[in-house]
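Every number in this text was worked out from the coordinates using simple rules, so none of it is lab data. Computed from a prediction, not measured in an experiment: that's the story for all the values here. So basically every Cβ, Gly included, is an ideal-geometry build from the backbone, and we count neighbours across all protein chains shown.
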């Protein structure tokens, strides 16, 4: 808070005088404003704007993560359909392929097998991603 002292002279003019602390605070505020980071000027030219876009939104990292996610999904889908489903088929007698399992209800047949395969695949992908996130946090990677 600024403190002003009212001083008058012989011609009845009022003057407001700041204390030394207030003057120092005002100077420090001016220095802080001068030292504050100013936003960088926008890049000029299409190529510079494109590079700034890639850097600011980390588009390249996002693309790499997307591609790796696609292949991780295919890997897990293959794991489920080629390794886990035959084991489930051995455990459940009478079911050769779980993806073709159908449940009859009155005159309708509900194909629940492909849904179960997709559900199992999702659970395994979610577990793998959870483990990857836990390991990267432990290593200090954000």
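Kindly rank 32-41, 85-94 from highest to lowest mean number of other beta carbons found within 10 Å of each residue. The partial results should precede the final answer.
Details: 32-41: 7.0, 85-94: 11.2.
Ranked by mean Cβ neighbours within 10 Å, highest first: 85-94, 32-41.
Using 1/(1 + (r/R0)^6) with R0 = 22 angstrom and r between the beta carbons of residue 78 and residue 112, what's the FRET efficiency to the nearest 0.05? Walk me through the intermediate numbers first.
Numbers: r = 21 Å, r/R0 = 0.97.
For R0 = 22 Å, the calculated efficiency reads 0.55.
Can you compute the modelled spin-label distance between residue 102 and residue 62, with each label point 7 Å from Cα toward Cβ, in nm?
Placing both labels 7 Å beyond Cα along the Cβ direction yields 4.4 nm.
Could you work out how far helix 46-57 tilts from the main Cα principal axis of the chain, as a 0 to 90 degree angle to the nearest 10?
70 degrees
What translational diffusion coefficient, in µm²/s and rounded to a whole number, does the Stokes-Einstein relation yield for the chain at 4 °C and a viscosity of 1.567 mPa s, taking the hydrodynamic radius as the Kirkwood radius over Cα pairs? Before the final figure, lay out each step's value.
Values: Rh = 23.2 Å.
Using the Kirkwood radius from Cα pairs, D works out to 56 µm²/s.
If contacts are Cα pairs under 8 angstrom and at least 6 residues apart, what is the relative contact order of the chain in percent?
Numbers: 80 pairs, mean separation 15.6, N = 142.
After rounding, I find 11 percent.
By average Cβ neighbour count within 10 Å, what is the ranking of 62-71, 121-130 from highest down? Working shown, then result.
Details: 62-71: 10.4, 121-130: 13.9.
Per-residue mean Cβ counts within 10 Å order the peptides as 121-130, 62-71.
In nm, to one decimal, how far is the residue 38 label point from the residue 90 one, both placed 7 Å along Cα→Cβ?
The two pseudo-label positions are separated by 7.3 nm.
Against the longest alpha carbon principal axis of the chain, how many degrees, from 0 to 90 and to the nearest 10, is the axis of helix 20-35 turned?
Compared with the principal axis, the helix lies near 40 degrees.
What percent do you get for the relative contact order of the range 59-139 when only Cα pairs under 8 Å and 6+ apart count?
Numbers: 50 pairs, mean separation 18.3, N = 81.
That works out to 23 percent.
Grab the DSSP H runs of the chain that are 4 residues or longer, score each as -39,500 (n - 2.57), total them, divide by all residues and round the 222 nm result to the nearest 500 deg cm²/dmol.
Numbers: 5 runs with 83 residues, N = 142.
Rounded to the nearest 500, the figure is -19500 deg cm²/dmol.
How much of the pair distance distribution for the range 59-139 lies past 16 Å, counting alpha-carbon pairs only, in percent?
Values: 2033 of 3240 pairs.
That fraction is 63 percent.
Taking just the alpha-carbon atoms of the range 59-105, what radius of gyration and Dmax come out, in angstrom?
Looking at the range 59-105, its Cα Rg and Dmax stand at 16.3, 50 Å.
Taking the chain as the reference, fit the longest principal axis to its C-alpha atoms, fit the long axis of helix 113-139 to the helix C-alpha atoms, and give the angle between the two in degrees, 0 to 90, nearest 10.
It is inclined by approximately 40 degrees.
For a quick check, take a GNM of the chain with Cα springs below 10 Å and name the residue from 60, 28, 119 with the largest mean-square fluctuation.
Residue with maximal mean-square fluctuation among 60, 28, 119: 28.
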